[in-house]
Structure formats: structure tokens, C-alpha cells
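**Q** Supplied in C-alpha cells, the structure appears directly below.
The values are calculated or read from the model by the stated rules, or taken from the named source; none is laboratory data. Just so it is clear, the structure is predicted and the values come from calculations on it, not from any experiment. Because the Cβ atoms are built from the backbone with ideal geometry, glycine has one as well, and the counts that use them run over all protein chains shown. Note: areas computed on protein heavy atoms with side chains; ligands, DNA, RNA excluded. Shrake-Rupley method; radii C 1.70, N 1.55, O 1.52, S 1.80 Å.
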Amino acid sequence: MKVFLAAGHGGEDPGSIGANGTREADEVIKVVDAATAFLKRQDLKGHEIIVVPHQYALQAGVQYINQHANESEDICIEVHLNNNKGKLIVTGK
């Protein structure tokens, strides 16, 4: 199984902008890189960790995954951060 990790936004789309100018696109790259490093240290037999190139904007990232993934077997995790005025909200589907 391939596990695709994608940073939300990218390209010309910075995503949410924090009060101090922090860009969502920059922060989710840090999250994806940390998750990738963590997963690659695990003994995930039969699983390949693939990072969607960070420079890809949303549509190019989707195309990349569609070209490289097996729809019935692989998984994609796309990371986003929302500007929630200091509240931590974690969601997933």
C-alpha cells in the first residue's frame, strides 16, 4: 500500500494567513515533513510513504496522486490548518 502525504495549498495559494503573517501553506509543509520522518522510522512492512512534491498547487497535487495511486488500495492524507483564533480543532474523514 502507498501512503501519500500532501501539504494543503501550495503554489500561488498560501491558504489561511495568521495574525502574525504565518502562512498555512508553509506550516503544513512542516507537519507533512515531520509525519513523513516519523512514519519512515516505523516498521511499516508493505507500505510505501510518498510525499506529494511541496511545490505542487492543489490541482497538480491531485493529478500527481491520481497518476501514482491505486484507487482501491492506497491512501492519501492531505494536511490543512485553519485559522481558529487560538482554538485547537482536529478533524478527519
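**Q** Filter region 10-46 down to the residues that are among the basic types (K, R) and over 18 Å from L81 (Cβ atoms), then identify the one that is least open to solvent (accessible area, probe 1.4 Å).
**A** K40
**Q** What are the pairs, 6+ residues apart or on separate chains, where a residue within region 14-28 that is in a loop (DSSP other than H, G, I, E, B) has its Cβ under 8 Å from a residue that is among the small types (G, A, S)?
**A** P14/A25; G15/G8; G15/A25
**Q** When the residues of region 47-76 are narrowed to those that are β-branched (V, I, T) and surrounded by 13 or more Cβ atoms within 10 Å (Cβ to Cβ), which ends up modelled with the lowest pLDDT? Explain how you work it out, then say what you get.
**A** Taking region 47-76 as the starting set, the residues that turn out to be β-branched (V, I, T) are 49-52, 62, 65, 75.
Add one more test, that the residue is surrounded by 13 or more Cβ atoms within 10 Å (Cβ to Cβ), and what stays is 49-52, 62, 65.
Working: I49: 93, I50: 91, V51: 92, V52: 90, V62: 81, I65: 85.
Only one residue fits best here, namely V62.
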